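Written out below as structure tokens is the structure these notes cover.
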Amino acid sequence: MPAPHVWLFGALWFLVYFLGQRVYQWNRLRHIAGPPGTGWTKLWLVRQAWSGRLCDSLYNACREYGPLVRIGPKWVLCGDPAEIRRIWGINSGYHRSDWYKAVRLNSEVNNVLSVIDNKEHHRLRSHLMPGYGGKGITNEEQLVDEQIENLIALIKQRYISTQAALRPCDLARTMQYLTQDVITAVGFGKPAGYLEANSDIHGILETSENLHRPVHMVTLLPTLRKILESRLLKPFHPKPHDRSGVGRFLGYIKDLVDERYDDLNSNHTDILQSFVNSGLSRPQVESEALVTVFGGTDTTSTALRNIIFYLSTNPRAYRALQSEIDGAVETVTSPVIRDAEAKALPYLQACIKEGLRIFPPSMGLMGKVCPRDDTICGFRVPANTQVAWSALAIMRNRDIFGDDADVYEPQRWIDAPVEKKKDMDASYGLVFATGTRWECLGKRLAYIELGKTIFELFRRFDFAMVDPVEPFRWANHGLTAHFGLARVSSTPNTRTDATGSSTLDNANPAPAPSPSREPGARLTTTTIAWTMMSLCLSVLLSALDLTIVTPAIPAIVGTFKSSASYIWVGSAYTLAYAAITPVWGSVSDIWGRKPIMLIAVAVFLVGSLVCALAPHMDALIAGRAIQGLGGSGMGIMVNIVVSDMFSLRDRGLYLAITSLVWAVGSAIGPVLGGVFTSRLTWRWCFWINLPVGAVSFLVLLFFMRVPSPRTPIAAGLKVIDWTGSLLIIGGSLMVLLALDFGDVVYSWSSATVICLLVFGTAVMALFVVNEWKFAKNPIIPVWLFTSPTKIAPYVVFACNSYVFIGQAYYLPLYAQSVLAASALRSGLYLLPLIVSCSLAAAAAGIFMQQTGKYLPVMYIAQGFLVLGSGLLISLDFEANITKLVIFQILVGIGVGMNIEAPILAAQAATSIRDTAAVTATMGFVRSLSTAISVVVGGVVFQNEMNAKNEGLASQLGSNSTLASEFDGDNAASSVEEISTLGLDAAQEALVRKTYFEALRMVWVMYVAFAGLATVLNLFVRAHKLRTENEGAVLGADRSRQQGGPAAGAAELELRNERED
């Protein structure tokens, strides 16, 4: 091994080399000013890019430091349009930098966007230009027109708002549906079907947007790109056989190319066929087909929504465009204007140009490398410097576009003198790199789409932003992701098409797909109060019966003299509760919330009555199972009803109220059970449910106001996912039975437990396949899990439930075994956890209602949870109640704050069609995670006690044989025997310390899961918690009405109310 001085010399040499390189890089461009630190590191550049506002930062840098700015060790930024035209020119000698390599969609094949070499780029362009130029595509305009007509039909059917009903349109996503369908129709001969499904098919668009930031980081960090493209990480790259995301789209493109090569004799006329005919290799055709879709749709959709957004907030420009359209309606083609006609409308073209200028669709650095020393804006720039452009600095240049260059003003293009307009056009042309080596191939098709779409939308509809204070939000990582809702209403009937017929029959608007509450119909305070009271009573009953029977079990066993069946008194309820949970959400979507909620309460009351009157143990167990079925329905339906009644912004508060009631019910359950058993009879644990449940039932019946689809029973029964229901119930029952039996009834290695686990897992796998491939109305739709950002809330929720129930279960064991507390006192010691959890849930609900943000809540909550869970490990063996209380409070705050936030995150990421499915899935996830938590915690505890048992025996000396009472199998049930077996004080302390050390490993395990939840929190995406109540999508035909199972996360379906 090298001597220490050799290592030291090597480290010093590396440091000197590193600093020398930095000094050299700094010195090359030190004469060019820039933000602090940009001469030494890319930190400024990376930080601004990460924020999603790099384009703004570049613009501001040009305004502060001049037209040439240093933004990195090897980077300069140019904001002079004349210099950019020269640098991008065909004869400049500049070539693309490594920045472009990150946009290689296929890691093994370059494309026209990622190729660096100028000659290779020119060769590729020559193959691609005929297709993008429309050569041989005789029906190109017809294909575009068909998709625009589909867009118009979608808006008429789904998004026409009236004074009585707001049906906001997610304009950003809808424009993406249009451009995706246009490019696939023109490019591949048939549209992908986004508009027809009105959804993000396979989650491709969301996945693409989620990749904007990481790809942007990779463009700036070449080393990171090389690592990601390495052989080591290649297995993790998207694959064509993936079922969602980029991989799914790779498969879609590959299938299209394979079909084309398998049928070369067919007479196709589209862009793909042009690529095939051009002589490109098959892998190159696949790569360029990907670019056709990803490169063309994002920029065009960004331009469309920008133009609509800006027009909607500029009344003068809006009126001027409407006036021009009104004057042209009588003469232009219907139902969709021709491209030549659109280009002849000066104000329409001015609106399009101004929209592209004020907010260019592509604002990446687009670095070019100077092959030799050059002079830019009067500064010497050494060879191999990367020269970026500032799109906003160029497009908002006040010398060219006027002092109001930061304002959307289409009139500037009408009033500008001829010479001024030439300068404006020259600078504006850089949006598509017009006249340069890298001119956009899809520019012609983009202009066709823009002209036709803007004309036809404003011909038929009026647009206004739902939130005028914040009309839209955006993030730019080279490409732009928009978030904004538009109110779309029909235009007055005086605006007609060429045939004289109204463009929209306002008296008979397209029917909404399914009944629900209109957003404008606000609930009265009285209705909210009565409904919430009944819902809270239902929650209270459901929570009580999870724990109230625990202290009554000895008395029950004594009454029926059936000690062998005692385990089923508690398990029958929890097993039925967990197994049926997902089904309640599905059936409530079919028949409506109110009847299913009433059925759940009725089933619970029947189960309570059976238990109260039970003549023998079998009847009691059957009653407990019936109670579990009803209790599950009550618990899940409460959350679903709250979600339907209130907007995303408000529901966090009301869900927090129900969570607080749940926590209180769970906490007082054992106390009430003990009081009833000792002072009255254990049967009162069930009798008490009847009067409380009856009140809840009657209040729900008379005061609950929620939509009803009035689905006939027969029609509803036909659309239930019977196969999925049987599989999820059977599979979860087998798994939960195995967890219940393990080391209690049978050993973990027994054939019974192993078979239950294996076959239960297999059945649940079949359930996933059924939901994925066959179910028309799935219980747990797989599209809820199409991306990591959608999966993350469920896993965070599961991990937090896992930690909470584990600590709530083992802290009383800690108190009894280590602190020598009685059963009653150990329950009291748990109160800080329960109380802090309840109060934190309420506080988090209020915060989310006031701010509309849940991510800060989740981040803070995880900090508290990890801190509190970690501090439990540091507890001393000596009793320190103060520490125990404080640590529990920290854990309770962490758990309580994160009870509702993941649910809101999951609901906000999906359509209102899936509200019930999301809520039921969350409940099912919680049931499974809590069951697994107790079992895994028990296994860790038992293993630790077994490992320490031999050492304990040697320390007990003459009482060594008693150590077997505290081995893994007996430890949990032998707590009371610590003080009754005749051990002296020192030996008793040894036993309690053994428990203490074993439980410490249990705390370590729960800290690990809390940490996992913290990491997964980073994948949860922020969505706006909307303030309008969106209602629900109900009925037997909801699947067909919503565009089938592909109904996506972006749709907002708001319908007319039909109340019970």
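The values are calculated or read from the model by the stated rules, or taken from the named source; none is laboratory data. This one's a predicted model, so the numbers in the text were calculated from it and none came from an experiment. Cβ placement follows ideal geometry from the backbone for every residue including glycine, while neighbour counts extend to all protein chains displayed.
Do we have any residue at all in segment 747-760 that's in a helix (DSSP H, G or I) and under 19 Å from residue 633 (Cβ atoms)?
For segment 747-760, residues in a helix (DSSP H, G or I) and under 19 Å from residue 633 (Cβ atoms): absent.
Which of the residues that make up segment 607-643 are part of a helix (DSSP H, G or I) and either out of contact with any helix residue (DSSP H, G or I) (no Cβ under 6 Å at 6 or more places or on another chain) or assigned by TED's automatic domain parsing to the domain that holds residue 846 (or both)?
Here is the first cut: in segment 607-643, the residues part of a helix (DSSP H, G or I) are 607-613, 617-643.
The answer is 609, 613, 618, 619, 622.
Can you find a residue in segment 381-393 that is modelled with pLDDT under 95, over 17 Å from residue 69 (Cα atoms) and in a loop (DSSP other than H, G, I, E, B)?
Within segment 381-393, not a single residue is modelled with pLDDT under 95, over 17 Å from residue 69 (Cα atoms) and in a loop (DSSP other than H, G, I, E, B).
Do the conditions hold for residue 260, that is, is it crowded, with 21+ Cβ neighbours inside 10 Å and touching a His at 6+ places or on another chain (Cβ under 6 Å)? Please lay out each step first, then the result.
Details: crowded, with 21+ Cβ neighbours inside 10 Å: yes; touching a His at 6+ places or on another chain (Cβ under 6 Å): no.
Here the answer is no, as residue 260 does not meet what is asked.
Can you go through 109, 115 and tell me which one is touching a residue at least 60 places away in the same chain (Cβ under 8 Å) and of a type in the set (A, V, I, L, M)? Lay out the reasoning, then the answer.
On the way: 115 fails: touching a residue at least 60 places away in the same chain (Cβ under 8 Å).
Just a single option satisfies the conditions, and that option is 109.
Evaluate segment 890-902: report whether one residue or more is touching a His at 6+ places or on another chain (Cβ under 7 Å) and modelled with pLDDT under 85.
Taking segment 890-902 first, the residues touching a His at 6+ places or on another chain (Cβ under 7 Å) are none.
No, because not a single residue in segment 890-902 is touching a His at 6+ places or on another chain (Cβ under 7 Å) and modelled with pLDDT under 85.
Looking at 944, 965, 988 in this structure, which one is modelled with pLDDT under 75, assigned to a helix (DSSP H, G or I) and among the acidic types (Asp, Glu)? Please lay out each step first, then the result.
On the way: 944 fails: modelled with pLDDT under 75; 988 fails: modelled with pLDDT under 75.
Selected residue: 965, the only one of 944, 965, 988 that is modelled with pLDDT under 75, assigned to a helix (DSSP H, G or I) and among the acidic types (Asp, Glu).
Out of the residues in segment 360-372 that are surrounded by 22 or more Cβ atoms within 10 Å (Cβ to Cβ) and not hydrophobic (A, V, I, L, M, F, W, C), state the one that is farthest from residue 49 (Cα to Cα).
368
Six or more apart or on different chains, Cβ atoms under 6 Å: show the pairs whose first residue is in segment 974-990 and over 10 Å from residue 820 (Cα atoms) and small (Gly, Ala, Ser) and whose second is part of a helix (DSSP H, G or I) and at pLDDT below 75.
Every condition considered, the pairs that remain are 974/965; 974/966.
Taking the stated definitions as given, is residue 375 assigned to a strand (DSSP E or B) and surrounded by fewer than 22 Cβ atoms within 10 Å (Cβ to Cβ)?
Details: assigned to a strand (DSSP E or B): yes; surrounded by fewer than 22 Cβ atoms within 10 Å (Cβ to Cβ): yes.
Judged against the criteria, residue 375 is a match.
Based on what the data block shows, is residue 47 under 15 Å from residue 365 (Cβ atoms), free of Cβ contacts under 8 Å to residues at least 60 places away in the same chain and surrounded by fewer than 21 Cβ atoms within 10 Å (Cβ to Cβ)? Give the steps one after another, and end with the answer.
Values: under 15 Å from residue 365 (Cβ atoms): yes; free of Cβ contacts under 8 Å to residues at least 60 places away in the same chain: yes; surrounded by fewer than 21 Cβ atoms within 10 Å (Cβ to Cβ): yes.
Against the criterion (under 15 Å from residue 365 (Cβ atoms), free of Cβ contacts under 8 Å to residues at least 60 places away in the same chain and surrounded by fewer than 21 Cβ atoms within 10 Å (Cβ to Cβ)), residue 47 qualifies.
Taking only segment 414-437 into account, find how many residues are in a helix (DSSP H, G or I) and in contact with a Cys (Cβ under 9 Å, 6 or more places away or on another chain).
Initial filter on segment 414-437 (in a helix (DSSP H, G or I)): 414-415, 418-432.
In the following step, the residues that additionally are in contact with a Cys (Cβ under 9 Å, 6 or more places away or on another chain) were identified as 431-432.
Matching residues across segment 414-437 total 2.
Condition first: among the acidic types (Asp, Glu) and in a strand (DSSP E or B). Now tell me which residues in segment 128-179 satisfy that.
Of the residues in segment 128-179, the ones among the acidic types (Asp, Glu) are 140-141, 145-146, 149, 170.
The one that is among the acidic types (Asp, Glu) and in a strand (DSSP E or B): 170.
Identify, please: which residue in segment 859-911 is of a type in the set (S, T, N, Q) and under 19 Å from the mean Cα position of the chain (by Cα) and is, among those, nearest to residue 992 (Cα to Cα)? Give the steps one after another, and end with the answer.
Within segment 859-911, the first condition is being of a type in the set (S, T, N, Q), and the residues that meet it are 862, 869, 874, 880, 882, 888, 898, 907, 910-911.
Checking which are under 19 Å from the mean Cα position of the chain (by Cα) leaves us with 862, 898, 907, 910-911.
Working: 862: 31, 898: 34, 907: 46, 910: 50, 911: 53 Å.
Taking the candidates together, the pick is 862.
What are the pairs with Cβ atoms under 7 angstrom where one residue, in segment 596-624, is under 17 Å from residue 689 (Cα atoms) and surrounded by fewer than 18 Cβ atoms within 10 Å (Cβ to Cβ) and the other, located anywhere, is β-branched (Val, Ile, Thr) and modelled with pLDDT of 85 or more? Sequence gap at least six, or different chains.
606/626; 622/610
Out of all the residues in segment 667-686, is one or more buried (at least 18 other Cβ atoms within 10 Å of the Cβ), modelled with pLDDT of 75 or more and not in a helix (DSSP H, G or I)?
Yes, segment 667-686 has at least one match.
Out of (1) at positive phi; (2) part of a helix (DSSP H, G or I), the odd one out for residue 300 is which?
The single condition residue 300 does not satisfy is (1).
It is to be established whether one or more residues within segment 928-939 are under 20 Å from residue 977 (Cα atoms), modelled with pLDDT under 80 and surrounded by fewer than 20 Cβ atoms within 10 Å (Cβ to Cβ).
Restricting attention to segment 928-939, the residues satisfying the condition of being under 20 Å from residue 977 (Cα atoms) are 938.
Now drop any that are not modelled with pLDDT under 80, which leaves 938.
Filter again for surrounded by fewer than 20 Cβ atoms within 10 Å (Cβ to Cβ), leaving none.
Checked against the condition, which is being under 20 Å from residue 977 (Cα atoms), modelled with pLDDT under 80 and surrounded by fewer than 20 Cβ atoms within 10 Å (Cβ to Cβ), segment 928-939 yields no hits at all.
Would you point out the residue of segment 809-862, among those that are surrounded by 19 or more Cβ atoms within 10 Å (Cβ to Cβ) and among the aromatic types (Phe, Trp, Tyr), that is farthest from residue 895 (Cα to Cα)?
The qualifying residue farthest from residue 895 (Cα to Cα) is 814.
Let me confirm something: among 106, 111, which residue is within 30 Å of residue 275 (Cα to Cα), modelled with pLDDT of 80 or more and surrounded by 19 or more Cβ atoms within 10 Å (Cβ to Cβ)?
Details: 106 fails: modelled with pLDDT of 80 or more.
Exactly one of 106, 111 is within 30 Å of residue 275 (Cα to Cα), modelled with pLDDT of 80 or more and surrounded by 19 or more Cβ atoms within 10 Å (Cβ to Cβ), namely 111.
Of the residues that make up segment 1020-1032, is at least one in a helix (DSSP H, G or I) and either over 28 Å from the mean Cα position of the chain (by Cα) or at pLDDT 85 or above (or both)? Walk me through how you get there before you give the answer.
Step one: filter segment 1020-1032 for residues in a helix (DSSP H, G or I), giving none.
Looking through segment 1020-1032, none of the residues is in a helix (DSSP H, G or I) and either over 28 Å from the mean Cα position of the chain (by Cα) or at pLDDT 85 or above (or both).
Would you mind stating whether residue 237 is at pLDDT below 90, surrounded by fewer than 18 Cβ atoms within 10 Å (Cβ to Cβ) and of a type outside the set (Ser, Thr, Tyr)? Walk me through it before giving the result.
Numbers: at pLDDT below 90: yes; surrounded by fewer than 18 Cβ atoms within 10 Å (Cβ to Cβ): yes; of a type outside the set (Ser, Thr, Tyr): yes.
It is true that residue 237 is at pLDDT below 90, surrounded by fewer than 18 Cβ atoms within 10 Å (Cβ to Cβ) and of a type outside the set (Ser, Thr, Tyr).
Give the residue, chosen from 913, 825, that is free of Cβ contacts under 8 Å to residues at least 12 places away in the same chain and in a helix (DSSP H, G or I).
Numbers: 913 fails: free of Cβ contacts under 8 Å to residues at least 12 places away in the same chain.
Of the residues listed, the single one that is free of Cβ contacts under 8 Å to residues at least 12 places away in the same chain and in a helix (DSSP H, G or I) is 825.
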